[in-house]
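Structure, as structure tokens:
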Amino acid sequence: MKLDRKGYSLLLLDVLAACVAALGANYLRFDEIYPADFVHFEQWLLLDLMLTPIVFYMMGLYRSAWRYASIADVKVILYAVSVRTFLLMSLFIFLGYDRGVPRSTTILESILLLFAVGGVRLLTRVQREMRQVKSLRSKTPVLIVGAGDAGEIILRELRGNDALPYNPVGFIDDDPAKWGVRIHGIPVLGSTFEIPQIARRRGVSEVIVAIPSASGRQLTAIYRFCKAAGVRAKTVPPVSQLFEGRLSLSQIRENALNAHRH
């Protein structure tokens, strides 16, 4: 696969990270960058700088969308660094340089490289989230009723979709075990009974109900509390439809709780 500009930038950063990790490991182990105990360090470094980007390329580290990085991507980085270290050691032994390789240095270098490579990529996600935080400030603050799977999906969609005019500021859930818990940094503030007080305190004018399995009685109760708070209540499509793409979350405005106004 041909690399784009971002791919080449990551490749160059990885080469730099490999160099810094090797030198840093030497310094941590021997208090000097070029230790006498590491007889073939120059050969090791040259081979490292050649092999590392090749292995990372083969492992797909230049094809991922790192602004959406997750635990699964961290696992890929860990696996790539492990494969790179194994191949580097094997090749170095094959070339006859094994006697001059301090084992502790290779372990330290792998750890430093893992943090450097992972940090560079996760920084892309951090930058994306910082931009999201800035854009959310100008949007309408909303509460999400339901701190379950559906609520988490809605939160991610609201944060990631610039076309949606909502800024989620908190969750509402009737399960006391969830009160005070944070989901992607957003707190569960209290129960549906507390919607009026929480809405006033947070300056909320709209509430999104993310409980696809809610009964008519539950929805009526939620609307009653919303009406008492002077805020509008809206529902969302079932989670299955969100996953299957049959109904876009951008249609959320069309799902007002009109049926429960009386």
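Each reported figure results from applying straightforward, stated rules to the coordinates on display, with no laboratory input. Computed from a prediction, not measured in an experiment: that's the story for all the values here. Virtual Cβ from ideal backbone geometry, glycine too; neighbours counted across all protein chains shown.
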(message) If you scale each eigenvalue of the Cα gyration tensor by 5 and take the root, what three semi-axes come out for the stretch 5-133, rounded to whole angstrom and sorted largest first?
(response) 29, 15, 12
(message) For a quick check: with amide H placed at 1.01 Å from N, whose amide H comes under 5 Å from Glu206's, ignoring anything fewer than 5 positions away on the same chain?
(response) Leu143, Arg232
(message) Less than 12 Å Cβ to Cβ from Pro196, Lys/Arg counted +1 and Asp/Glu -1: what total charge do the surrounding residues give?
(response) +4
(request) Please find the FRET efficiency linking Ser70 to Leu3, where r is the Cβ-Cβ separation and R0 is fixed at 25 Å, and quote it to the nearest 0.05. (result) 0.65
(message) On a straight-distance basis, which lysines could pair with Lys234 in a cross-link, Cα separation under 20 angstrom, same-chain partners fewer than 8 positions away excluded?
(response) Lys139
(request) Amide H neighbours of Val236 under 5 Å, at least 5 residues apart or on other chains, H built in the peptide plane: list them. (result) Val209, Ile211
(request) Round to the nearest 0.05 the FRET efficiency obtained for Asp149 and Glu129 when R0 = 22 Å and r is the Cβ-Cβ distance. (result) 0.55
(request) In whole Hz, with x marking every Gly and Pro, tabulate ³J(HN,Hα) for the stretch 151-161 from phi via Karplus 6.51 cos²θ - 1.76 cosθ + 1.60, θ = phi - 60°. (result) x, 5, 5, 4, 4, 5, 5, 5, 6, x, 9
(message) Run the simple label-point estimate for Phe86 and Cys19 please: 7 Å along Cα→C-beta, distance reported in nm.
(response) 2.9 nm
(request) Would you work out the charge dipole size for the stretch 5-133 about its Cα centre, treating the Cβ of every Lys and Arg as +1 and the Cβ of every Asp and Glu as -1, and quote it to the nearest 20 debye? (result) 800 debye
